[in-house]
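Structure, as C-alpha coordinates:
The values are calculated or read from the model by the stated rules, or taken from the named source; none is laboratory data. Remember, predicted model here, so these are calculated numbers, not experimental data. Note that we place each Cβ from the backbone using ideal geometry, even for glycine, and neighbour counts take in every protein chain shown.
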Amino acid sequence: MEDSAYLAQLLTGVFYTAAALPLLRLAARTGQHPERLLGWVFLLLGLSYLFYQTPFLPGMASLMTPLSFLGRVATGAAMAALAFFTRLVFRSQTRWGRTLAYGSAALIVLGICASVARGDWEGLTPLANPFFWLEWAGEIAPALWVSVEGFRQHRSATKRARFGLADPIVANRFFIWGVFGIAQAGTMLVLIPMNIEYELHGTFSTWADSAMSACETLSIAMVWLAFFPPAMYRRWVEQSVRAAPQEANPS
Amino acid sequence: MSHALFDFAAERLEQHSSLDRLEARGTLRIALKIVGLDLATLSGEQLAVVFEQVLPGELEKRGVEGAASICRTVLKEVASAPEAAAADRIEDAEKIFRRLGRD
(Lines give C-alpha, C1' and ligand atoms only; values in the text may rest on other atoms or scores of the structure.)
Protein backbone atom coordinates (compact mmCIF):
# COMPACT_ATOMS: atom_id res chain seq x y z
CA MET A 1 0.00 0.00 0.00
CA GLU A 2 1.20 3.49 -0.81
CA ASP A 3 2.26 5.78 2.06
CA SER A 4 -0.19 8.42 0.81
CA ALA A 5 -3.00 5.85 1.07
CA TYR A 6 -2.15 5.17 4.74
CA LEU A 7 -2.17 8.86 5.47
CA ALA A 8 -5.45 9.40 3.60
CA GLN A 9 -7.09 6.58 5.54
CA LEU A 10 -5.81 7.84 8.89
CA LEU A 11 -7.15 11.30 8.09
CA THR A 12 -10.45 9.76 7.02
CA GLY A 13 -10.65 8.02 10.40
CA VAL A 14 -9.95 11.25 12.25
CA PHE A 15 -12.53 13.12 10.14
CA TYR A 16 -15.32 10.61 10.77
CA THR A 17 -14.59 10.56 14.50
CA ALA A 18 -14.69 14.36 14.59
CA ALA A 19 -17.94 14.36 12.57
CA ALA A 20 -19.54 11.95 15.04
CA LEU A 21 -19.05 14.14 18.10
CA PRO A 22 -21.49 17.00 17.28
CA LEU A 23 -24.15 14.47 16.28
CA LEU A 24 -23.75 12.52 19.52
CA ARG A 25 -23.85 15.80 21.47
CA LEU A 26 -27.05 16.71 19.58
CA ALA A 27 -28.50 13.29 20.45
CA ALA A 28 -27.68 13.82 24.12
CA ARG A 29 -29.54 17.15 23.97
CA THR A 30 -32.59 16.06 21.95
CA GLY A 31 -32.83 12.41 22.99
CA GLN A 32 -33.68 11.55 19.38
CA HIS A 33 -32.56 8.32 17.70
CA PRO A 34 -31.64 9.55 14.17
CA GLU A 35 -28.78 11.75 15.37
CA ARG A 36 -27.64 9.05 17.80
CA LEU A 37 -27.58 6.42 15.05
CA LEU A 38 -25.81 8.66 12.56
CA GLY A 39 -23.31 9.70 15.23
CA TRP A 40 -22.55 6.02 15.86
CA VAL A 41 -22.24 5.38 12.10
CA PHE A 42 -19.53 8.04 11.83
CA LEU A 43 -17.83 7.08 15.09
CA LEU A 44 -17.64 3.40 14.10
CA LEU A 45 -16.41 4.27 10.60
CA GLY A 46 -13.76 6.51 12.14
CA LEU A 47 -12.67 3.78 14.57
CA SER A 48 -12.53 1.20 11.78
CA TYR A 49 -10.08 3.33 9.79
CA LEU A 50 -7.96 3.90 12.87
CA PHE A 51 -7.96 0.17 13.71
CA TYR A 52 -7.02 -0.78 10.13
CA GLN A 53 -4.18 1.74 9.89
CA THR A 54 -2.63 1.51 13.36
CA PRO A 55 -0.70 -1.73 12.60
CA PHE A 56 1.17 0.12 9.84
CA LEU A 57 2.66 2.51 12.39
CA PRO A 58 6.23 1.68 13.51
CA GLY A 59 6.32 -1.13 16.08
CA MET A 60 2.65 -2.03 15.74
CA ALA A 61 2.89 -4.77 13.09
CA SER A 62 2.33 -7.58 15.62
CA LEU A 63 -1.17 -6.24 16.23
CA MET A 64 -2.16 -6.59 12.57
CA THR A 65 -4.67 -9.45 12.98
CA PRO A 66 -6.48 -8.33 16.16
CA LEU A 67 -6.71 -4.68 15.05
CA SER A 68 -7.80 -5.64 11.54
CA PHE A 69 -10.51 -7.80 13.08
CA LEU A 70 -11.65 -4.90 15.25
CA GLY A 71 -11.66 -2.70 12.14
CA ARG A 72 -13.77 -5.26 10.34
CA VAL A 73 -16.26 -5.46 13.22
CA ALA A 74 -16.44 -1.66 13.45
CA THR A 75 -17.11 -1.39 9.70
CA GLY A 76 -19.84 -4.01 9.89
CA ALA A 77 -21.44 -2.32 12.89
CA ALA A 78 -21.28 1.07 11.13
CA MET A 79 -23.02 -0.26 8.03
CA ALA A 80 -25.68 -2.00 10.14
CA ALA A 81 -26.26 1.27 12.02
CA LEU A 82 -26.49 3.05 8.65
CA ALA A 83 -29.22 0.61 7.59
CA PHE A 84 -31.20 1.30 10.77
CA PHE A 85 -30.70 5.06 10.36
CA THR A 86 -32.07 4.86 6.80
CA ARG A 87 -35.01 2.78 7.93
CA LEU A 88 -35.82 5.14 10.80
CA VAL A 89 -35.56 8.34 8.74
CA PHE A 90 -37.02 7.27 5.40
CA ARG A 91 -39.00 4.05 5.84
CA SER A 92 -40.11 3.86 9.44
CA GLN A 93 -43.65 2.83 8.50
CA THR A 94 -42.83 0.09 6.00
CA ARG A 95 -42.35 -3.58 6.66
CA TRP A 96 -39.82 -3.96 3.85
CA GLY A 97 -37.67 -1.21 5.36
CA ARG A 98 -37.56 -3.11 8.63
CA THR A 99 -36.74 -6.34 6.79
CA LEU A 100 -33.94 -4.69 4.82
CA ALA A 101 -32.36 -3.17 7.94
CA TYR A 102 -32.53 -6.35 10.00
CA GLY A 103 -31.55 -8.46 6.97
CA SER A 104 -28.41 -6.39 6.35
CA ALA A 105 -27.41 -6.61 10.00
CA ALA A 106 -28.02 -10.37 10.02
CA LEU A 107 -25.86 -10.89 6.92
CA ILE A 108 -23.03 -8.87 8.46
CA VAL A 109 -23.13 -10.77 11.77
CA LEU A 110 -23.42 -14.13 10.05
CA GLY A 111 -20.64 -13.32 7.57
CA ILE A 112 -18.20 -12.21 10.25
CA CYS A 113 -18.99 -15.04 12.68
CA ALA A 114 -18.81 -17.74 10.01
CA SER A 115 -15.55 -16.30 8.65
CA VAL A 116 -14.00 -16.34 12.10
CA ALA A 117 -15.16 -19.93 12.59
CA ARG A 118 -13.21 -20.78 9.42
CA GLY A 119 -10.13 -18.98 10.73
CA ASP A 120 -10.49 -15.90 8.49
CA TRP A 121 -10.26 -13.09 11.05
CA GLU A 122 -9.32 -10.28 8.72
CA GLY A 123 -11.83 -10.94 5.91
CA LEU A 124 -9.20 -10.88 3.18
CA THR A 125 -10.01 -14.16 1.44
CA PRO A 126 -13.03 -13.69 -0.82
CA LEU A 127 -12.01 -16.62 -3.03
CA ALA A 128 -11.48 -19.17 -0.26
CA ASN A 129 -14.19 -17.98 2.12
CA PRO A 130 -17.76 -17.84 0.77
CA PHE A 131 -18.95 -16.13 3.98
CA PHE A 132 -16.99 -13.04 2.93
CA TRP A 133 -19.80 -12.45 0.41
CA LEU A 134 -22.55 -12.54 3.02
CA GLU A 135 -20.80 -9.82 4.98
CA TRP A 136 -20.08 -7.87 1.80
CA ALA A 137 -23.73 -8.02 0.68
CA GLY A 138 -24.86 -6.93 4.14
CA GLU A 139 -22.55 -3.91 3.94
CA ILE A 140 -23.14 -2.74 0.38
CA ALA A 141 -26.95 -2.96 0.72
CA PRO A 142 -27.22 -0.07 3.23
CA ALA A 143 -24.90 2.06 1.07
CA LEU A 144 -27.05 1.55 -2.02
CA TRP A 145 -30.20 2.11 0.03
CA VAL A 146 -28.80 5.44 1.26
CA SER A 147 -28.21 6.59 -2.31
CA VAL A 148 -31.68 5.58 -3.52
CA GLU A 149 -33.44 7.31 -0.60
CA GLY A 150 -31.20 10.38 -0.84
CA PHE A 151 -31.87 10.97 -4.53
CA ARG A 152 -35.58 10.16 -4.19
CA GLN A 153 -35.98 12.63 -1.32
CA HIS A 154 -33.95 15.23 -3.18
CA ARG A 155 -36.35 15.05 -6.12
CA SER A 156 -39.47 15.50 -4.00
CA ALA A 157 -37.88 18.12 -1.71
CA THR A 158 -36.87 20.16 -4.78
CA LYS A 159 -40.52 20.15 -5.88
CA ARG A 160 -41.64 21.16 -2.37
CA ALA A 161 -39.07 23.95 -2.29
CA ARG A 162 -40.80 25.59 -5.28
CA PHE A 163 -43.92 25.89 -3.13
CA GLY A 164 -42.02 27.11 -0.08
CA LEU A 165 -42.51 23.79 1.69
CA ALA A 166 -38.85 22.77 1.86
CA ASP A 167 -35.56 24.42 2.69
CA PRO A 168 -33.28 24.42 -0.41
CA ILE A 169 -30.31 23.60 1.84
CA VAL A 170 -32.07 20.50 3.13
CA ALA A 171 -33.10 19.49 -0.41
CA ASN A 172 -29.45 19.76 -1.41
CA ARG A 173 -28.47 17.81 1.72
CA PHE A 174 -30.54 14.87 0.46
CA PHE A 175 -28.68 14.94 -2.87
CA ILE A 176 -25.33 15.00 -1.10
CA TRP A 177 -26.45 12.12 1.11
CA GLY A 178 -27.25 10.16 -2.08
CA VAL A 179 -23.75 10.81 -3.40
CA PHE A 180 -22.34 9.67 -0.02
CA GLY A 181 -24.22 6.38 -0.51
CA ILE A 182 -22.68 5.94 -3.95
CA ALA A 183 -19.19 6.68 -2.60
CA GLN A 184 -19.69 4.12 0.19
CA ALA A 185 -20.91 1.55 -2.33
CA GLY A 186 -17.83 2.42 -4.40
CA THR A 187 -15.51 1.51 -1.53
CA MET A 188 -17.29 -1.83 -1.23
CA LEU A 189 -16.93 -2.49 -4.97
CA VAL A 190 -13.21 -1.62 -4.99
CA LEU A 191 -12.76 -3.96 -2.03
CA ILE A 192 -13.46 -7.01 -4.21
CA PRO A 193 -10.54 -6.79 -6.71
CA MET A 194 -8.39 -5.35 -3.92
CA ASN A 195 -8.92 -8.33 -1.62
CA ILE A 196 -8.73 -10.88 -4.42
CA GLU A 197 -5.36 -9.48 -5.45
CA TYR A 198 -4.19 -9.62 -1.84
CA GLU A 199 -5.40 -13.20 -1.51
CA LEU A 200 -3.58 -14.24 -4.68
CA HIS A 201 -0.40 -12.15 -4.52
CA GLY A 202 -0.18 -10.87 -0.94
CA THR A 203 -0.18 -7.21 -1.98
CA PHE A 204 -2.56 -4.31 -2.55
CA SER A 205 -2.12 -2.65 -5.93
CA THR A 206 -1.60 1.07 -6.40
CA TRP A 207 -4.68 1.50 -8.58
CA ALA A 208 -6.91 -0.14 -5.94
CA ASP A 209 -5.41 2.10 -3.23
CA SER A 210 -6.05 5.13 -5.42
CA ALA A 211 -9.62 4.10 -6.23
CA MET A 212 -10.32 3.41 -2.54
CA SER A 213 -8.83 6.76 -1.53
CA ALA A 214 -10.94 8.53 -4.16
CA CYS A 215 -14.16 6.93 -2.81
CA GLU A 216 -13.16 7.75 0.78
CA THR A 217 -12.30 11.33 -0.07
CA LEU A 218 -15.63 11.72 -1.86
CA SER A 219 -17.43 10.23 1.17
CA ILE A 220 -15.91 12.59 3.70
CA ALA A 221 -16.38 15.57 1.38
CA MET A 222 -20.09 14.72 1.18
CA VAL A 223 -20.40 14.33 4.97
CA TRP A 224 -18.72 17.71 5.40
CA LEU A 225 -20.98 19.46 2.87
CA ALA A 226 -24.14 17.74 4.12
CA PHE A 227 -23.81 18.16 7.87
CA PHE A 228 -21.19 20.90 8.31
CA PRO A 229 -21.68 23.08 5.22
CA PRO A 230 -19.45 26.14 5.07
CA ALA A 231 -21.21 29.49 4.70
CA MET A 232 -19.86 29.87 1.17
CA TYR A 233 -21.44 26.60 0.07
CA ARG A 234 -24.78 27.47 1.72
CA ARG A 235 -24.82 30.81 -0.07
CA TRP A 236 -24.08 29.07 -3.38
CA VAL A 237 -26.98 26.62 -2.91
CA GLU A 238 -29.41 29.39 -1.94
CA GLN A 239 -28.35 31.55 -4.90
CA SER A 240 -28.71 28.59 -7.27
CA VAL A 241 -32.28 28.05 -6.07
CA ARG A 242 -33.14 31.74 -6.44
CA ALA A 243 -31.60 31.82 -9.93
CA ALA A 244 -33.57 28.73 -11.08
CA PRO A 245 -36.69 29.47 -13.14
CA GLN A 246 -39.73 29.64 -10.89
CA GLU A 247 -42.68 27.46 -11.81
CA ALA A 248 -45.89 28.55 -10.11
CA ASN A 249 -47.66 25.40 -11.15
CA PRO A 250 -45.43 22.84 -12.84
CA SER A 251 -48.39 20.65 -13.78
CA MET B 1 -51.36 8.74 10.52
CA SER B 2 -51.37 11.09 7.57
CA HIS B 3 -53.32 8.63 5.49
CA ALA B 4 -56.17 9.62 7.79
CA LEU B 5 -55.64 13.28 6.87
CA PHE B 6 -55.63 12.39 3.17
CA ASP B 7 -58.77 10.27 3.55
CA PHE B 8 -60.53 13.07 5.41
CA ALA B 9 -59.57 15.72 2.83
CA ALA B 10 -60.53 13.49 -0.11
CA GLU B 11 -63.88 12.70 1.50
CA ARG B 12 -64.64 16.42 1.99
CA LEU B 13 -63.56 17.17 -1.56
CA GLU B 14 -65.94 14.51 -2.83
CA GLN B 15 -68.73 15.91 -0.67
CA HIS B 16 -68.34 19.52 -1.86
CA SER B 17 -67.62 18.88 -5.55
CA SER B 18 -69.17 16.95 -8.42
CA LEU B 19 -66.38 14.36 -8.26
CA ASP B 20 -67.02 10.79 -7.20
CA ARG B 21 -64.85 9.06 -4.57
CA LEU B 22 -62.29 7.70 -7.01
CA GLU B 23 -62.00 10.99 -8.90
CA ALA B 24 -61.62 13.02 -5.71
CA ARG B 25 -58.90 10.75 -4.34
CA GLY B 26 -57.13 10.54 -7.70
CA THR B 27 -57.14 14.31 -8.24
CA LEU B 28 -55.85 14.91 -4.73
CA ARG B 29 -53.10 12.32 -5.23
CA ILE B 30 -52.03 14.04 -8.47
CA ALA B 31 -51.91 17.40 -6.68
CA LEU B 32 -49.76 15.93 -3.90
CA LYS B 33 -47.39 14.47 -6.48
CA ILE B 34 -47.01 17.84 -8.21
CA VAL B 35 -45.92 19.42 -4.94
CA GLY B 36 -43.62 16.46 -4.10
CA LEU B 37 -45.52 15.32 -1.02
CA ASP B 38 -45.60 11.91 0.57
CA LEU B 39 -48.91 10.55 1.80
CA ALA B 40 -47.26 8.93 4.81
CA THR B 41 -45.91 12.21 6.18
CA LEU B 42 -48.49 14.67 4.89
CA SER B 43 -49.06 17.59 7.26
CA GLY B 44 -51.84 20.14 7.57
CA GLU B 45 -49.52 22.93 6.42
CA GLN B 46 -48.56 21.00 3.30
CA LEU B 47 -52.16 20.17 2.53
CA ALA B 48 -53.04 23.87 2.82
CA VAL B 49 -50.50 24.72 0.11
CA VAL B 50 -51.96 21.99 -2.11
CA PHE B 51 -55.51 23.32 -1.66
CA GLU B 52 -54.45 26.93 -2.17
CA GLN B 53 -51.97 26.67 -5.02
CA VAL B 54 -52.45 23.47 -6.98
CA LEU B 55 -55.84 21.85 -6.48
CA PRO B 56 -57.99 24.74 -7.83
CA GLY B 57 -56.19 24.44 -11.20
CA GLU B 58 -56.46 20.65 -11.21
CA LEU B 59 -60.20 20.79 -10.46
CA GLU B 60 -60.78 23.37 -13.20
CA LYS B 61 -58.96 21.10 -15.65
CA ARG B 62 -61.51 18.42 -14.76
CA GLY B 63 -64.45 20.76 -15.36
CA VAL B 64 -65.34 21.32 -11.73
CA GLU B 65 -67.12 24.66 -11.29
CA GLY B 66 -66.26 26.97 -8.39
CA ALA B 67 -62.99 25.16 -7.79
CA ALA B 68 -61.39 27.91 -5.72
CA SER B 69 -64.43 28.20 -3.46
CA ILE B 70 -64.62 24.43 -2.98
CA CYS B 71 -60.93 24.33 -2.03
CA ARG B 72 -61.39 27.12 0.53
CA THR B 73 -64.35 25.30 2.08
CA VAL B 74 -62.57 21.96 2.27
CA LEU B 75 -59.46 23.61 3.65
CA LYS B 76 -61.43 25.21 6.50
CA GLU B 77 -62.86 21.82 7.42
CA VAL B 78 -59.48 20.13 7.18
CA ALA B 79 -57.78 22.77 9.33
CA SER B 80 -60.10 22.11 12.25
CA ALA B 81 -59.99 18.32 11.93
CA PRO B 82 -58.14 16.28 14.58
CA GLU B 83 -56.47 14.39 11.71
CA ALA B 84 -54.56 17.58 10.80
CA ALA B 85 -53.23 18.07 14.33
CA ALA B 86 -52.14 14.43 14.50
CA ALA B 87 -50.42 14.63 11.11
CA ASP B 88 -48.45 17.73 12.12
CA ARG B 89 -46.79 15.73 14.89
CA ILE B 90 -45.22 13.25 12.44
CA GLU B 91 -41.49 13.80 12.03
CA ASP B 92 -40.52 13.39 8.39
CA ALA B 93 -37.10 12.98 6.77
CA GLU B 94 -36.87 16.69 6.03
CA LYS B 95 -37.34 17.73 9.65
CA ILE B 96 -34.71 15.21 10.71
CA PHE B 97 -32.19 16.24 8.05
CA ARG B 98 -32.70 19.91 8.88
CA ARG B 99 -31.88 19.18 12.52
CA LEU B 100 -28.82 17.07 11.65
CA GLY B 101 -27.12 19.81 9.66
CA ARG B 102 -25.19 22.62 11.27
CA ASP B 103 -27.06 25.89 10.63
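Say whether the condition of being hydroxyl-bearing (S, T, Y), modelled with pLDDT under 90 and more than 15 Å from B:G101 (Cα to Cα) is met by at least one residue in segment A:156-178.
Step one: of segment A:156-178, the residues hydroxyl-bearing (S, T, Y) are A:156, A:158.
Now restrict to residues that are modelled with pLDDT under 90: none.
No, segment A:156-178 contains no residue that is hydroxyl-bearing (S, T, Y), modelled with pLDDT under 90 and more than 15 Å from B:G101 (Cα to Cα).
Take the conditions (1) part of a helix (DSSP H, G or I); (2) farther than 21 Å from B:S80 by Cβ; (3) at pLDDT below 95; B:S18 misses just one of them, which is (1). Of all residues in segment A:94-142, those being free of Cβ contacts under 8 Å to residues at least 40 places away in the same chain, surrounded by 15 or more Cβ atoms within 10 Å (Cβ to Cβ) and aromatic (F, W, Y) number 1.
Name the residue that is surrounded by the most Cβ atoms within 10 Å (Cβ to Cβ), counting only residues in segment B:1-11 that are small (G, A, S) and within 14 Å of chain A (Cβ to nearest Cβ).
First pass over segment B:1-11, keeping only residues small (G, A, S): B:2, B:4, B:9-10.
Next cut, within 14 Å of chain A (Cβ to nearest Cβ) only: B:2, B:4.
Details: B:S2: 24, B:A4: 15.
Among those residues, the one meeting the criterion is B:S2.
Looking only at segment A:24-36, count every residue that is in a helix (DSSP H, G or I) and surrounded by fewer than 22 Cβ atoms within 10 Å (Cβ to Cβ) and tell me the total. Final tally of qualifying residues: 9. Of note, A:A171 satisfies the criterion of being over 17 Å from A:F132 (Cβ atoms), within 14 Å of chain B (Cβ to nearest Cβ) and crowded, with 20+ Cβ neighbours inside 10 Å. Every condition in (1) away from chain A (no Cβ under 14 Å); (2) surrounded by fewer than 21 Cβ atoms within 10 Å (Cβ to Cβ); (3) within 14 Å of the chain's Cα centre (by Cα) is met by B:G63 except one, and the failing one is (3). Among the residues making up segment A:37-88, those that are of a type in the set (G, A, S), more than 16 Å from the chain's Cα centre (by Cα) and not in a loop (DSSP other than H, G, I, E, B) are A:A61, A:S62, A:S68. In segment A:178-205, the qualifying residues are those that are assigned to a loop (DSSP other than H, G, I, E, B) and of a type in the set (S, T, N, Q), and the one that is surrounded by the fewest Cβ atoms within 10 Å (Cβ to Cβ) is A:T203.
Mind listing whichever residues of segment B:12-47 are more than 9 Å from every other protein chain (Cβ to nearest Cβ), surrounded by fewer than 16 Cβ atoms within 10 Å (Cβ to Cβ) and not polar (S, T, N, Q)? B:D20, B:R21, B:L22, B:G26, B:R29, B:L39, listed by residue number. Considering segment A:6-30, the residues that are touching a Phe, Trp or Tyr at 6+ places or on another chain (Cβ under 7 Å) and either on the phi > 0 side of the Ramachandran plot or touching a residue at least 60 places away in the same chain (Cβ under 8 Å) (or both) include one that is nearest to the other protein chains (Cβ to nearest Cβ), namely A:L23. Applying the selection to segment A:39-80, what residues are over 26 Å from A:W224 (Cβ atoms) and polar (S, T, N, Q)? Once the filter is applied, which keeps residues that are over 26 Å from A:W224 (Cβ atoms) and polar (S, T, N, Q), segment A:39-80 yields A:S62, A:T65, A:S68.
Out of all the residues in segment B:68-91, is one or more at pLDDT 90 or above, small (G, A, S) and closer than 18 Å to B:A24 by Cα? Yes - at least one qualifying residue is present in segment B:68-91.
Do we have any residue at all in segment A:176-191 that's of a type outside the set (S, T, N, Q), within 18 Å of the chain's Cα centre (by Cα) and within 11 Å of another protein chain (Cβ to nearest Cβ)?
Here is the first cut: in segment A:176-191, the ones of a type outside the set (S, T, N, Q) are A:176-183, A:185-186, A:188-191.
Remaining after also requiring within 18 Å of the chain's Cα centre (by Cα): A:176-183, A:185-186, A:188-191.
Restricting the remaining residues to those that are within 11 Å of another protein chain (Cβ to nearest Cβ) gives A:176-177.
Yes.
Please specify each residue of segment A:37-46 satisfying the condition of being within 14 Å of another protein chain (Cβ to nearest Cβ) and either surrounded by fewer than 16 Cβ atoms within 10 Å (Cβ to Cβ) or in contact (Cβ under 8 Å) with a residue 24 or more places away in the chain (or both).
Residues of segment A:37-46 that are within 14 Å of another protein chain (Cβ to nearest Cβ), as a first pass: A:37-42.
Residues satisfying the conditions are A:L37, A:L38, A:W40, A:V41, A:F42.
Among the residues of segment A:47-83, those that are under 28 Å from B:I96 (Cβ atoms) and surrounded by 23 or more Cβ atoms within 10 Å (Cβ to Cβ) comprise A:S48, A:Y49, A:T75, A:G76, A:A78, A:M79, A:A80, A:A81, A:L82, A:A83.
None of A:A166, A:A211 is small (G, A, S), within 14 Å of chain B (Cβ to nearest Cβ) and in contact with a helix residue (DSSP H, G or I) (Cβ under 7 Å, 6 or more places away or on another chain) except A:A166.
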